[in-house]
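Working notes, structure below.
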Amino acid sequence: MGLRWYHFALWGAFIVGLALLPELVSKGTLRTIIFANYLAIFAISWDVLSGRTGYISFGHPFLIGIGAYTTAILTKRFDVPVEISIPVAVVVTMIGGLIVLLPALRVRGSYFAMITLAFMELMYQLVQVIRPDLTGGTRGMSGLPTLTRGAVNGFYLSAFLMVSVALSMWLLMRTRLGTALSAIGMNEESVRGSGLSATKLKMVAFLLSAAIAGLGGAFYVHYLGTIAPRALFEINFAFTIIVAALIGGASTIVGPVIGAFFLTLLLEYLRPVLPGAERYLIYGGVALLLYMYQPRGIYEIIQQGLARVRRSS
Amino acid sequence: MTEALTITNLVKRFGGLTATNDLSFTVADGESVGLIGPNGAGKTTVFSQIMGEHRQTSGSIKLYGEEITPLPTARRIRHGVSRTYQVPRPFAELSVAENIRVGLMHDNVWQMVLHGPDPDRELELALSVGFTEDDLKRTPAELSMGDLRKLEMARTMATGPKVMLLDEVFAGLTVGEIAQIGELIQQMRGDGMTFLIVSHDLKALEPLVERAIAINYGELIAEGSFARVIENEAVRASYLGDTV
């Protein structure tokens, strides 16, 4: 796996830093960081699938939505406790992941991306039309059970989830499975030509990605206590996930976490200066410039900086 | 002698085009055979059918007596047949060592997760094709065409084949690199590897094969010793574009 002492040191410092955060920042900032944690989980989910295998998902809210709606419906309409509804939501989302896998057996590139976008749109329409008594229709649902009270507890839960997902995926992607999944993104035919079943590997990537999306979606909905289809199945939400992963550094797991924090904090700190939608222009500009400067993202910029320091010392 | 590869009445049609036309031949275990023919003769299509990348329209392909036609590519490779490509297909962002690592993996997700790589075997394969230890960290973008072919050979060898199909293995190589790859093939022949080799470079091919099979328009036009096949009138006509 090639683990070095500084890997442990960096992860340790990151976890300690997160643990101390509620002492250092205001409750308002903490609420922003809770969103960053969930965005990081979604971006990792995207990264495991799209960053690795090159099957670009434009419709990741489809998977997140399955997780979120499953637990919302189970808890709100059937009084199922969250201890059961969340694992069920993860499993149901994994089944959703298999549905997204089907087109990936035939098409890739922009065709696949468009199909995932269609899945998201389809889901948006379906939850409004089919059984609105269950889904809450266009309005969605509110009054869902929440798992924590207050910003501090909400933060700790989201941080714990995010670190667990990030660390486990980071370790997993350092194994030969990570190498094989990356290889799919580079040349699927050569993966087959190396005696490996590309279909099996893709299935693993889709299931992992879906499980993370379902987990994140389910916990997020129990943090918010509400679910609204318009906010969930929105192209801006899908793009925020992709941009977080890309500007952080796709296919690195750590990059999407950095990207999620960078994006969320950037938008938040622009808010007092530009309260309207203009800040999205700045956000888009910053993302574009960063991406043009280093297509491998902030992670690579940090790596190169560290290499320079190492060389000069 | 055991037959390593047995092709019987192989037919492949792409719409109205017959790319392989009732082709039959065998390659014995430990034998090295050249598959020659002009551009478009259907040599690569034969390879693609042996590997299962294209399904034949009809006919049979056996590996050590076992019909491999129903198997997908990955399983054919595990049965012991592997190929290289005319244009090398490396994993662009993986290092030389990681490229070889993919070839060494077993098709089992749990094993991939639970067992680490085998750096000794990776190094051994890299050295066997002529890389140095320093080359292990290089990426394909830093490699010459000759090195890319060597990398492809190493990754193909990593899958543990008994039969290797080499497609235009000398294309784009310098004289020195041709000699190096030729030497490697000779060495592997000495170790008992079975080869089916496609090459336009007949001069480089001649010393590496015991026998040649010539095809044109997907049909077998000559078979026998290399010298006899290239002297064959139909073969010469096919290369020079004459009709026989």
If I model a spin label at A:S164 and A:V152 as a point 7 Å from the Cα along the Cα→Cβ vector, what separation in nanometres do I get?
2.2
Whole-percent carbon and sulfur contribution to the accessible surface of the protein assembly as shown (1.4 Å, no ligands, DNA or RNA) stands at 60
On average, how many beta carbons from a partner chain sit within 10 Å of the beta carbon of a residue in A:151-164?
0
Helix B:119-128 versus the longest principal axis of chain B: what angle, 0 to 90°, nearest 10, using Cα atoms?
40
At 1.4 Å probe size, with no ligands or nucleic acids counted, give the accessible surface of B:T8 in Å², nearest ten.
50
Relative contact order for segment A:76-201: what is it in percent, counting Cα pairs under 8 Å that are at least 6 residues apart?
14
Which whole number gives the average count of other chain Cβ atoms within 10 Å of the Cβ atoms across peptide A:196-209?
3
Calculated FRET efficiency for the pair A:Y293/B:N39, C-beta based, R₀ 45 Å, to 0.05
0.50
Counting only protein heavy atoms and rolling a 1.4 Å probe, how much accessible area do B and A lose on contact, total for both sides, in Å² to 100?
2200
Would you mind working out the accessible area per residue for segment B:102-165, using a 1.4 Å probe, and quoting it in Å²?
46
Applying the gyration tensor rule to the Cα atoms of segment A:1-87 (axes a ≥ b ≥ c; rounded if a/c under 1.5, else prolate if a/b exceeds b/c, else oblate), the class is oblate
For A:D79 and B:E233, what is the calculated FRET efficiency with R₀ set at 60 Å and r taken between the beta-carbons, to the nearest 0.05?
0.10
Heavy-atom accessible area of B:F25, protein chains in place, probe 1.4 angstrom, given in Å² to nearest 10, is 10
If I take R0 = 56 Å and measure r between the Cβ atoms of A:L171 and B:T174 in this structure, what FRET efficiency does the formula 1/(1 + (r/R0)^6) give, to the nearest 0.05?
0.80
For segment A:5-234: rounded, prolate or oblate by the Cα gyration tensor [a/c cutoff 1.5]:
oblate
Give, rounded to the nearest 20 debye, the magnitude of the charge dipole that segment B:1-130 has about its Cα centre when Lys and Arg contribute +1 at Cβ and Asp and Glu contribute -1 at Cβ.
540
Surface per residue (accessible, 1.4 Å probe) for segment A:102-254, Å²
40
Less than 17 Å from a label point 7 Å out along the Cα-to-Cβ axis of B:N9: which backbone N atoms in segment B:53-71 qualify, by residue?
B:56-62, B:67-70
Here the gain from full extension of A:V16 to A:E189, 0.36 nm per residue of separation minus their alpha-carbon distance, amounts to 57.9 nm
Within chain A, which DSSP H helices have Cα atoms that stretch 20 Å or more along the helix axis and a mean Kyte-Doolittle hydropathy of at least 1.6?
A:82-104, A:150-173, A:254-270
The rounded separation in angstrom of the Cα centers of segment A:77-93 and segment B:37-116 is 43
How much of B:D191 can a 1.4 Å solvent probe reach, expressed as accessible area in Å² and rounded to 10?
130
Per residue of B:79-90, count partner chain C-beta atoms within 10 Å of its C-beta, then hand back the mean as an integer.
2
Ranked by how many other beta carbons lie within 10 Å on average, peptides A:253-266, A:91-104 from highest:
A:253-266, A:91-104
Gaussian network model of chain A, Cα springs within a sub-10 Å range: biggest mean-square fluctuation belongs to which of A:F160, A:F78, A:F239?
A:F78
Shape call for segment A:196-313 from the C-alpha gyration tensor, a ≥ b ≥ c root eigenvalues: rounded (a/c under 1.5), prolate (a/b greater than b/c) or oblate?
oblate
Please give, to one decimal in nm, the separation of the simple spin-label points placed at B:L123 and B:D191, each 7 Å out from Cα toward the Cβ.
1.7
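The values are calculated or read from the model by the stated rules, or taken from the named source; none is laboratory data. Remember, it's a predicted structure, so these values are computed and weren't measured experimentally. As a convention, Cβ positions derive from the backbone with ideal geometry for all residues, glycine included, and neighbour counts pool all protein chains shown. Surface areas here come from the heavy atoms of the whole protein model, side chains and all, with no ligands, DNA or RNA. Shrake-Rupley method; radii C 1.70, N 1.55, O 1.52, S 1.80 Å.
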